[in-house]
1. Just the C-alpha atoms of region 454-515: what Rg/Rh do they give, with Rh taken as the Kirkwood radius?
2. What aspartates and glutamates sit close enough to K152 to cross-link, taking a C-alpha to C-alpha distance under 20 Å and skipping anything fewer than 8 places away on the same chain?
3. Taking N as the number of residues in region 103-216, what is its alpha-carbon radius of gyration divided by 2.2 N^0.38 Å?
4. Can you tell me the FRET efficiency between E468 and Q508 if r is taken as the Cβ-Cβ distance and R0 is 22 Å, rounded to the nearest 0.05?
5. Can you pull the one-decimal nm distance between simple spin-label points at F495 and E520, each 7 Å off the Cα toward Cβ?
6. Across all directions of projection, what mean area in square nanometres is found for the Cα convex hull of region 1-72?
7. Per residue, how much accessible area does region 1-140 show when a 1.4 Å probe rolls over the protein heavy atoms, in square angstrom?
8. Efficiency by 1/(1 + (r/R0)^6): what FRET value for S46 and E421, r their Cβ-Cβ distance, R0 = 41 Å, to the nearest 0.05?
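The values are calculated or read from the model by the stated rules, or taken from the named source; none is laboratory data. Everything quoted here is computed from the prediction, not taken from an experiment. Cβ atoms come from the backbone with ideal geometry, glycine included; neighbour counts cover every protein chain shown. Surface areas here come from the heavy atoms of the whole protein model, side chains and all, with no ligands, DNA or RNA. Shrake-Rupley method; radii C 1.70, N 1.55, O 1.52, S 1.80 Å.
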Amino acid sequence: MTSNQRKMAGLLGAVAVVFLLGLARLTETFNGDQALFVVYAKGIISGQQLYTDLWDVKQPGIFYFYAIAGQIFGFSEIGVHFFELLYWIIFSAALIWIANDQFKNESLRYLLPLATAGYYYLTAGSLQMTQVETLVGFPLLFSFALIPKYCKSVGSAQWIFGCLISGLAVALALLLKFAFLPLLGLLTLTAVSLTVRNSRKPTYAAAGVSLFFIWTIAAAFLGLFLLNYWYDGILDEIIYSTFRYPREALAAHAGADRLPTLVNSLVWFLLTFAPLIILSSIFGLLAAIRHFRNSSIGHVDGTTHRDLSVSAIYAWCYLVWLAVGLFVLGMQATSWWSYHFMLFFVPLGFFALRGVDKMIMLIDEYMPAFSRGAIASFVAASIVVLAVFNIFTVRVVKSRLKPRNYGYQNGLAGPTGDSWEIYQKVTEESRKAGLPSGGSDIWACAEPHYYYHNDKIPPISSNGWMPEFFVEGQWSRLEREVLASKPKYLILNSFCVDLIRNKAPGFQVLLDSEYKTVFEGENVSWYRSTVK
């Protein structure tokens, strides 16, 4: 087998592993967030406007992702997850391509897809799958990945290509969440400055021109979206949801009461990612530090500086990703959900394999007789460690042992996962209420699954999901819109009923005077309008 044939075999093998792992997750249930993303994506396709007809604090990128997935493969679990699988297949192939000079043991780069996208499929539950922090790993990587490889000579065709891809990746990441701005800024700054510093004629001007070009491309791409939003008359709402609402929410809801959520999420992260964290901490970071200390000293224009390899520049960028990513996570004090930690699975996967690379080098240097079995030993050990720490595997085994009613519309191929019980509850309640499919005749202050399973779109801009995070202006707007639209059905959980009584008295008066209780569900009350 020739060298090119071996490389192709490694690429196809790595992609095939990710593909098989992704196929096993196609029927994973949607949690509340993903169900809402699907509902809003349907609304976008049918002509409704984000932030006016359908309001949410998230930036538009995640809704566009679901809209594209639904248009191509269908607005279902299988459709969305299959589109995401193709997303990670492309990511895996690109990751192998850009990592051709990052490992002394060349074969390790073919494990990168398994250590990143594959690890995601092995460990993520319904809550963590297809979230903003999960999907953003792709554009975050390409915001800097091509700079050390192609942007060494300002003005060359390769420099233009690298900066163009970087700028587009920055824009796509910001469309997913504007809070990633400081992370993207420091990632591009680190990659550009280290690349220019490592060139034959390092100049501040070259770094400045590169950064200017990258961010001009990003600004131009985002400007097209903003121009379109201005034309549609929703620019003010975009600005409010991106800048003003987070400050209002932090002032109203951030505090010590969010610390238990952070602790639970941190525990989940540490347990789930323990193998990658251990390998990264013990081997990867120490190997990077030792590499920097032992790198050769060169002289450029009479100035002594430390030469950095491309792999070292990548290591610095991944370190920035971890450090600044923690800062970005900490800023989101009204959230701190476990899926926020999915932001780190790409750099952790890289550092884990860099650590393994260093381990194999040490074995080869001090115990050459065992060098041939080093990689095989690592793979075997990793399988054992994953089997011990993989919370997802334990959860699936338990779920498979539960008796299930496969009366759901997809039959034996129906969804399985963390939200199965919610699926059953919502489906059964909707049947009891005689709720017809389609239309915009319900408003649910409960799980968005009530919209998703009944093919509904909210009749007002508020989706009713997590009302505990509504600020004062949102309650006023909700009251006005409900009084104006008067949905045929209202589905309210007990917590929401208490909030309505205290925050929206006009809504409460309407509920008492023009609605009657249909029945009491497990956690919600169903109301039907008495006005014909």
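1. Over the Cα atoms of region 454-515, Rg/Rh equals 0.92.
2. Counting by Cα, and skipping residues close in sequence, K152 has these aspartates and glutamates nearby: D101, D301, D307.
3. 1.19
4. 0.80
5. 1.9
6. Mean projected area of the Cα convex hull: 6.9 nm².
7. 32
8. 0.85
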